[in-house]
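Read-outs throughout are calculated quantities, based only on the coordinates presented, and are distinct from any laboratory measurement. Owing to the predicted nature of the structure, the values given are computational and were not obtained by experimental measurement. Methodologically, a virtual Cβ is constructed for each residue, glycine included, from the backbone with ideal geometry; neighbour enumeration extends over all protein chains shown.
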Amino acid sequence: MMDGALAAFLRFFRILPLLMALAGLWLVAAPARAEDLHPPTGDVVLIVSGAIGLTNVAGEAHLDRAMLEEIGLEQFATTTLWTDGPQVFEGVSLHRLMEHLRAQGHTLRVEALNDYEIEIPASEVEKGGPLLAMRVNGVSLSPRDKGPIWMVFPYDSDARFRTDLTYARSVWQLGRIEILP
Ligand SMILES: Nc1nc2c(c(=O)[nH]1)N[C@H]1C(S)=C(S)[C@@H](COP(=O)(O)O)O[C@H]1N2
Ligand SMILES: [Mo]
């Protein structure tokens, strides 16, 4: 009896370094995962859900303005059907956002705050294509003026952006993108 207890005690000490190594690994790995996409601190302006590799809230990516700006701002000037004269749009490239969140799907369902929604094939989310604009001519877009996010295309740069399909994809008051497989 005594021998058995002693043997078990000694066995525990033999695997103790392994247990400590595993605990150490967990301590290092757990915070690193949490840092991949930190929780939003400001108002959430965009929720991305579905087939993405980075999430922070309930299996979705909840993004505030600062988080979108951290991904990288881009801008271009173009005229649009809905504005007078050339406008400078500034925001995050949809292509870049999809890369950042490690999106895997083939279709994006883009949803506005007002129930409008439309699907876009992932293959058409190209560099130099759709921009999630947060500012026009340096001024933040408010919800009453097509904000907080307006998906615009560089309409002036190529005739393929001046089609009814692209106009229909120019979703304003954009609030959510679901990545479908
Ligand atoms: N939020 C939102 N974005 C939208 C729409 C809409 O109803 N709501 N309509 C889309 C469609 S179908 C087109 S053709 C263009 C142009 O809409 P307009 O003719 O009302 O200017 O905006 C697109 N973006
Ligand atoms: Mo439309």
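Restricted to the stretch 116-130, and to residues there that are of a type in the set (Asp, Glu) and in contact with a strand residue (DSSP E or B) (Cβ under 7 Å, 6 or more places away or on another chain), the residue that is nearest to residue 51 (Cα to Cα) is 119.
This table checks each residue for (1) crowded, with 20+ Cβ neighbours inside 10 Å; (2) within 16 Å of ligand 2 (Cβ to nearest atom); (3) more than 13 Å from residue 46 (Cβ to Cβ); (4) small (Gly, Ala, Ser).
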position: 140; (1), (2), (3), (4): no, no, yes, yes
position: 147; (1), (2), (3), (4): yes, no, no, yes
position: 157; (1), (2), (3), (4): no, no, yes, yes
position: 168; (1), (2), (3), (4): no, yes, yes, yes
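For the stretch 115-123, the count of residues that are over 11 Å from residue 74 (Cβ atoms), hydrophobic (A, V, I, L, M, F, W, C) and under 17 Å from the mean Cα position of the chain (by Cα) is nonzero. Of the residues making up the stretch 128-181, those that are in a loop (DSSP other than H, G, I, E, B), free of Cβ contacts under 8 Å to residues at least 24 places away in the same chain and within 11 Å of ligand 1 (Cβ to nearest atom) number 1. The set of residues from the stretch 113-127 being within 16 Å of ligand 2 (Cβ to nearest atom), of a type in the set (Asp, Glu) and part of a loop (DSSP other than H, G, I, E, B) comprises just one member, 115. Would you confirm whether or not the stretch 79-95 contains a residue that is out of contact with any strand residue (DSSP E or B) (no Cβ under 8 Å at 6 or more places or on another chain), within 12 Å of ligand 1 (Cβ to nearest atom) and either of a type in the set (Asp, Glu) or under 27 Å from residue 39 (Cα atoms) (or both)? No, every residue in the stretch 79-95 fails to be out of contact with any strand residue (DSSP E or B) (no Cβ under 8 Å at 6 or more places or on another chain), within 12 Å of ligand 1 (Cβ to nearest atom) and either of a type in the set (Asp, Glu) or under 27 Å from residue 39 (Cα atoms) (or both).
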